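The values are calculated or read from the model by the stated rules, or taken from the named source; none is laboratory data. Just so you know, these numbers come straight off a predicted model, no measurement behind them. So basically every Cβ, Gly included, is an ideal-geometry build from the backbone, and we count neighbours across all protein chains shown.
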C-alpha cells in the first residue's frame, strides 16, 4: 500500500463537491513530485496530486493586485525545502485535529473554492460588473493561491514560521473560519458576484 510521504493513506479520501471532484487528484503516490510531466499539455495540471500542486504554488504564489506584492526574493530556494515544509505542516495539522491531514487539506480546498466571480462587460461605452460562474479548474487554482498567500501573510515580518502559518491556514479553511484569508476572500468574491447579478 503506497502512502503519501510514506505516512498517510490517501486511497479512501473522497471529494464531496461534485463540481471539483474531477480536478482534485488524491490517488496514492509515495513522493508528490512529477517534475513537470504534465506541464506541456493544457489543463493537465488537474492530473497532478493535490499536495504536489500545493508545493508548486508555494514556490510561486502568484499576483496580488496586479503586482508581485510578495516579491520574488521570498520565493528563492530549493524545491526540497518547500517539500519538507509541506510535510511538516501536514504533521502539525494531524497533531492538532487527530485526523488524516491530507483529507483535512482536501476539505479545506473544497471550502475555499468560490463558485462565482465577477467580470467587467462594456455596454454603450460604460463598464459594468457581471457575475459569472467560475470554472472548476480555476476554483482549485484560486483556493490554492489564497491558502499559500494567507500562509505567507501570516509569517511576513513575524516570528511565526512558514510551517506553522501554512498549518494554521489549512486548519482555519477546513473549519470555514473567517480568519482564514482563503475563506474570507471566497466570501468577499461571492458577495460581489451576488451584488452584480
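Assorted remarks:
- Filter result for the condition that a residue is in contact (Cβ under 8 Å) with a residue 60 or more places away in the chain and in a helix (DSSP H, G or I), over 145, 138: 145
- For segment 166-181, residues that are at pLDDT 90 or above and either assigned to a helix (DSSP H, G or I) or in contact with a strand residue (DSSP E or B) (Cβ under 8 Å, 6 or more places away or on another chain) (or both) total 9.
- Residue in segment 28-42 that is modelled with pLDDT under 85, surrounded by 11 or more Cβ atoms within 10 Å (Cβ to Cβ) and not in a loop (DSSP other than H, G, I, E, B) present: no
- A search for C-beta distances below 7 Å between a residue of segment 72-100 that is on the phi > 0 side of the Ramachandran plot and exposed (fewer than 13 other Cβ atoms within 10 Å of the Cβ) and any residue that is part of a helix (DSSP H, G or I) and modelled with pLDDT under 90, counting only pairs 6+ apart in sequence or on different chains, returns nothing.
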